[in-house]
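Chemist: Take this structure first; my questions come after.
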Amino acid sequence: MVRLDERLSQIRNRFVDRRKYFIINRGRQYGKTTTLMALAEYLKEDYIVLFMDFQGISSASFENENKFVEAFVRDFLKALKSEKAGIREKFQRMFTMSAEKELSLNELFSYLSQMCEESDQPVVLLIDEVDSASNNQVFLDFLAMLRRYYLDRENSPTFHSVILAGVYDIKNLKLKLRPDDEHHYNSPWNIAARFELDMNFSARQIAAMLEEYESDRHVGMDVEAVSSYIYEYTSGYPYLVSAVCKFLDEELPDSEKFEDIHDIWTREGICEAVSMLLDENIPLFDSMIRQIYEYPEMKQMLQAILFEGKRLTYNPDHPAINLASMFGYIVSKEKAVQVANRIFEMRLYNFFLSEEELTAAIYHEAQANRNQFVDGCRLNMDLVLEKFVEYFTDIYSENDEQFLESQGRKLFLLYLKPIINGTGNYYIEAQTRDARRTDVIVDYRGEQFIVEMKIWRGSEYRERGEQQLADYLDAYHQEKGYLLSFNFNKKKEQGIRKIRIGKKTIIEVVV
């Protein structure tokens, strides 16, 4: 477990102690429930903490106000059971009496206000999975009542702090409600403080976790290097960090690919763990694919970023950007839209490419001849590029410039996928991806290969690209790289040549 002490301290100091009402709004499996449970424990000495989960309230309970109040009281009593005996008994009597008759929301909040007034300690309300109720009018009425008491809390005692957790932000409830009811559009939760804490794990936090693991298991890992590799793939997304470590700890020791436990906790081991994770049908990936189908505009945006190198300005008012950001699939980096982490990006590439595998001739060529590209346990990337020129020329040479410019990079990835699938990974270096240049990083059994894909724009542009690649190889501590140019000049010299720039070797491929 990554320690959450620093995060919990920040939540308490910046929000709870200051009587804030706020939402922890993050994507699936982002550690929201773990954080709430830890926070409840963290606060219990100085607050009465009531932790509820709206996922436990059935949809039938939202049919009308009385049914909702009855369900709420029932779950509220369960939350009280974990509190100090004297407090629990006093409030349980109050709510037991209330359960004997049908209550309205007004009456419920009158009891809640009385409870908060008589309490010896401030009362904090935590509600998890709050968006499971968000397409019901009675839930909006509940939020509106919370808001009313919040605004009048100097006169009417109420909760000291309210924390709601879910995927959908309350301000986005209109996305889930029927458009025919106009009054649904008015958000009752405009009192919420902005929750801007970074819930990703930093490389430092991952390293602290691995140091504890190393001191317990003595696997001989380089903690700093391993934490850095894990962070490079996950960007600290909590579930992905845990999943990669779980594969390293539980699955790979039984694998024949690694002779020693020390070999597992390396770049090669992490690459293998990521490959295994990408093959899993986990709820996080299932949810991602379902939402891509549900929101075609978001799908179109992601495809444009990944395959066409489009640089989109991060604008939270754009519906597709807002949605993808809310789900945790994208982030804002230097005011531009970027996929949140490499694992999400790789899963998206695999998904989008799989839609074309059945009809892509170059995919089937590579799949049918994939064994020729592996010599022992090493990938022969020179041969990979050589055969790509051959297949590409045979299959696509008659296509026009517009087709090749828009599809060329996708075709190379379709070609590469079956060759390394199951043994290696590939990802796109986001810092270099644009409409003219895309760098593919291939991890194969601990080796890295860098392939820069460019749209050809003249010899001067090519020479600049060669120097860029040489500089990029320095950053990755590589001596050899590959430059794949899509050239639409009819007089082009198609083929492969080897060039030297300083101490670097570049295999340049022109199609």
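The values are calculated or read from the model by the stated rules, or taken from the named source; none is laboratory data. Predicted, not measured: the structure shown is a model, and the values here were computed from it. With ideal geometry, Cβ positions are generated from the backbone for all residues, glycine too; neighbour counts draw on all protein chains shown. What goes into the accessible areas is simple: the full protein's heavy atoms, side chains included, and nothing from ligands, DNA or RNA. Shrake-Rupley method; radii C 1.70, N 1.55, O 1.52, S 1.80 Å.
Chemist: Within the range 226-274, track down each residue that is in contact with a Gly (Cβ under 8 Å, 6 or more places away or on another chain), of a type outside the set (S, T, N, Q) and in contact (Cβ under 8 Å) with a residue 60 or more places away in the chain.
Modeler: Taking the range 226-274 as the starting set, the residues that turn out to be in contact with a Gly (Cβ under 8 Å, 6 or more places away or on another chain) are 237-239, 248, 252, 258, 261-263, 265-268, 271.
Checking which are of a type outside the set (S, T, N, Q) leaves us with 237-239, 248, 252, 258, 261-263, 265, 267-268, 271.
Listed by number, the residues that qualify are Y237, P238, Y239, R267, E268, C271.
Chemist: Right, here's the next one. Sort through M209, M221 and tell me the only one that's among the aliphatic types (A, V, I, L, M) and in a helix (DSSP H, G or I). Let's see the steps before the verdict.
Modeler: On the way: M221 fails: in a helix (DSSP H, G or I).
Matching residue, one of M209, M221: M209.
Chemist: How many residues does the range 12-37 contain that are touching a Leu at 6+ places or on another chain (Cβ under 7 Å), assigned to a helix (DSSP H, G or I) and open to solvent by less than 30 Å² (accessible area, probe 1.4 Å)?
Modeler: Selection size over the range 12-37: 3.
Chemist: Going residue by residue through the range 265-278, is there one that turns out to be open to solvent by 30 Å² or more (accessible area, probe 1.4 Å) and within 25 Å of D198 (Cα to Cα)?
Modeler: The first filter runs over the range 265-278 and keeps only residues open to solvent by 30 Å² or more (accessible area, probe 1.4 Å), leaving 266-268, 276.
With the extra rule that they be within 25 Å of D198 (Cα to Cα), the set shrinks to none.
No, because not a single residue in the range 265-278 is open to solvent by 30 Å² or more (accessible area, probe 1.4 Å) and within 25 Å of D198 (Cα to Cα).
Chemist: For the range 464-474, how many residues are modelled with pLDDT under 80 and either over 16 Å from T438 (Cα atoms) or surrounded by 15 or more Cβ atoms within 10 Å (Cβ to Cβ) (or both)? Explain how you work it out, then say what you get.
Modeler: First pass over the range 464-474, keeping only residues modelled with pLDDT under 80: 464-468.
With the extra rule that they be either over 16 Å from T438 (Cα atoms) or surrounded by 15 or more Cβ atoms within 10 Å (Cβ to Cβ) (or both), the set shrinks to 465-466, 468.
The qualifying residues number 3.
Chemist: Inspect all residues belonging to the range 304-311 and state whether any of them is in contact with a helix residue (DSSP H, G or I) (Cβ under 8 Å, 6 or more places away or on another chain) and at pLDDT 90 or above.
Modeler: no
Chemist: Could you check the range 53-82 and list, in sequence order, the residues that are in contact with a Lys or Arg (Cβ under 8 Å, 6 or more places away or on another chain) and open to solvent by less than 60 Å² (accessible area, probe 1.4 Å)?
Modeler: Hits for the range 53-82 are A60, S61, L80.
Chemist: Moving on to the next point. Keeping to the range 41-52, report how many residues are assigned to a helix (DSSP H, G or I) and open to solvent by less than 20 Å² (accessible area, probe 1.4 Å). Reasoning before the result, please.
Modeler: Of the residues in the range 41-52, the ones assigned to a helix (DSSP H, G or I) are 41-43.
Narrowing the set further to residues that are open to solvent by less than 20 Å² (accessible area, probe 1.4 Å) leaves 43.
Within the range 41-52, residues that are assigned to a helix (DSSP H, G or I) and open to solvent by less than 20 Å² (accessible area, probe 1.4 Å) number 1.
Chemist: If a residue must be open to solvent by 10 Å² or more (accessible area, probe 1.4 Å) and of a type outside the set (G, A, S), how many such residues does the range 292-306 contain? I'd like the intermediate steps shown before the answer.
Modeler: Initially, the range 292-306 is screened for residues open to solvent by 10 Å² or more (accessible area, probe 1.4 Å), giving 293-297, 299-301, 303-304.
Retained after the next criterion (residues that are of a type outside the set (G, A, S)): 293-297, 299-301, 303.
Qualifying residue count for the region: 9.
Chemist: Shifting gears a bit: Please go through the range 311-370 and give me each residue that is acidic (D, E) and open to solvent by 60 Å² or more (accessible area, probe 1.4 Å), ordered by number.
Modeler: Taking the range 311-370 and keeping what is acidic (D, E), we get 317, 334, 345, 355-357, 365.
Listed by number, the residues that qualify are D317, E334, E355, E365.
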